[in-house]
1. Going by alpha carbons, how many degrees (0 to 90, nearest 10) lie between the helix axis of A:199-211 and the longest principal axis of chain A?
2. Which of the lysines could be linked to A:K225 by a straight reach, that is with a Cα gap under 16 Å, when you skip same-chain ones fewer than 8 residues away?
3. When the Karplus curve 6.51 cos²θ - 1.76 cosθ + 1.60 is applied with θ = phi - 60°, which whole-Hz ³J(HN,Hα) does each residue of segment A:86-97 get, with x for Gly and Pro?
4. Cross-link partners among lysines for A:K428, C-alpha distance below 26 Å, same-chain residues fewer than 8 apart left out?
5. Give the order of A:I65, A:I458, B:I69 when sorted by the count of other beta carbons within 10 angstrom, beginning with the fewest.
6. Kindly work out what percent of the DSSP beta bridges joining two residues of the protein assembly as shown are antiparallel, to the nearest 5.
7. Enumerate the amide H contacts of B:T56 below 5 Å, restricted to partners 5 or more residues apart or on another chain; note that Pro and chain-start residues carry no placed amide H.
8. Rule-of-thumb check for segment A:298-430: C-alpha Rg over 2.2 N^0.38 Å?
Amino acid sequence: MALAITNCVALTGLAGNLIQVEVDISEGLPGFTLLGLPDAALSESRERVRAAVINSGEIWPNRKITVSLSPAWLPKSGSGFDLPIAIALLGAQGLLPSESLESWAYLGELSLEGNVRELRGVLPAVLAAKKFGVTRILVPAKNYFEANCVTGIEVIGVNDLREVINLLRHGVAPPEILAPHSNFNSESSLDLQDVAGQLLPRRALEISAIGGHHLLFIGPPGTGKTMLAERIPSILPQLTPESALEVTAIHSVAGNLNNRSLLSNLPPFVSPHHTTTSAAMVGGGSHIIKPGATSLAHHGILFIDEAPECARGVLDSLRQPLESGSVTISRSIGSITYPARFMLVLAANPCPCGKYSGKSRGCSCSQLSIRRYLQKLSGPLLDRIDIRVYVEPPSRVEMASEELGESSQDVRKRVEIARSIALERFAKSSWQLNSQIPPEALRKQFRAAKAGMNLLNIELEKERISARGFHKVLRVAWSIADSAGHVVPDESDVAEAYGLREGLEFLG
Amino acid sequence: MGSKQKLGARGEEVVARYLVERKYEILDRNWRIKGGELDLVAISEFGVIAFAEVKTRSSLTYGHPLEAITRDKAYRLQRLALAWLAVHHKWGFEYRIDCAAVIVKDGIKFEIDYRAAVL
């Protein structure tokens, strides 16, 4: 009678551990001891569980209560253990059938009234529970639809403790949960046809989307850099179901699901403000390590407007995720790795006043201040950006034209075709996008046509391009070849790629 | 004696009777020194000395009586018990500290919740 065991899930980043919640009630002075490295929110569980149990009309044992969360060495945080503790506590008093405790898992914070409140990170927790062989899991009603994205495990959403007790004791199913009205569309509401003119930036956008190349837009204020960047999700192929689940899981851990529909197959678009801190950019926090903008942009786009205005450390913190596709954050409570494979899009003014374009067109900045301004984008970061283009102000003719630009749908079709060509080519490789081809493969099986290679070799000899730049140009050339339907990049593909990468001379 | 004290004294009396019924011999009552008081000291038929702290309540409105025993109070009982053993030359005896909750129902019925060896 005096012992009951049930299950819960503790999250470490996106990975979950199945936690056994054991409650023992023994003779002795009334007391409540919580073992297993709880954090502050979890330690307060005692008061919430007690009030919730009593206010749900159940008995609180005036005895010595020991709650153990095992494995005991794993630090646990958050309020999601309230519900399993309450259930095990009732089970230990013999008030609930024990078979439904040990094989099920429970997640939920309790209010003093006994309501089951919503939590962050329910989706990855349910995924973990399934991995550990749990067949049925009870979650807060508000997290039901999120949890139900996981197949192969029975998910029950509950509103309050009473419903859980009735279910376990009498088999009364909790009321059905109605789907909330979703304001979100799987399709991006932004369309490329809204952008007037801008042929070169449009081309750059399309090539980046094909190869997953990082992109830099430089141009005066008001020319449409942001407008262009915001429309990238509309020309990217839709996310696969697995990717969509991964993206939803990250947003769930960040407590960010209100801004995104569940399992949306639209690639995420994240645009942190340029005053953002590195912790917000790559993830951080002292008790709970939350994913940052780089992880929220996983499988999507990370757009940083006014990039030179960013603190230098913040931009440079992007280098690890750009390199490895993941971020590892270490704090005193441990290390956590979040996935962070995104397409980086930077936008910058060419100079502090914004009007410099290589020619003097009313720019009032000194040569020195122009140089200093763009130097804030560090060399190593710039080097990782494959395509850099200047966004000119649209001409009066372009603005006056009533003709709409090409629509996102048309562009996306071309991107999808080009990507499928690349996928076929990389069928036997470990990478999927042109931007991911490793250097040794570029030197062997993925060389451009002879004329193209010659062009690059000459530039290399004249030291107009670095070895890394050489590889970057080749990668972009592959994307251009895919969009043109060439089997191997020819001289014109390489030349265009060279222009897209190295065309901005004043970047230095 | 105020009504609270009277209630307490009656509670202790009821627990003393409860122990005697279970073949305990009462050795001392309300043993008081500087630092506190021991409500009841009794010895079992097997020679174990029980120090019983009695908490009496006329209702459960303010929670269970035993919740009033905090950790500090428990440590004080432990010290008092050792002091009693020393004063009465009972070193070497096996001893334990018990708590008893007495709840008065309808003003006449006494309900005892006796918990042995709580510390």
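1. It is inclined by approximately 50 degrees.
2. A:K355
3. 4, 5, 5, 5, 5, x, 5, 7, x, 8, 9, x
4. A:K413, A:K444, A:K450, A:K472
5. So the residues, fewest neighbours to most, are A:I458, B:I69, A:I65.
6. Working: 46 of 84 bridges.
Percent antiparallel among DSSP bridges in the protein assembly as shown is about 55.
7. Under 5 Å from the amide H of B:T56: B:V102.
8. Taking N as the residue count of segment A:298-430, the ratio is 1.39.
No lab work stands behind these numbers, since they all come straight from the coordinates. Values in this document were obtained by computation on a predicted structure and should not be read as measured data. Virtual Cβ from ideal backbone geometry, glycine too; neighbours counted across all protein chains shown.
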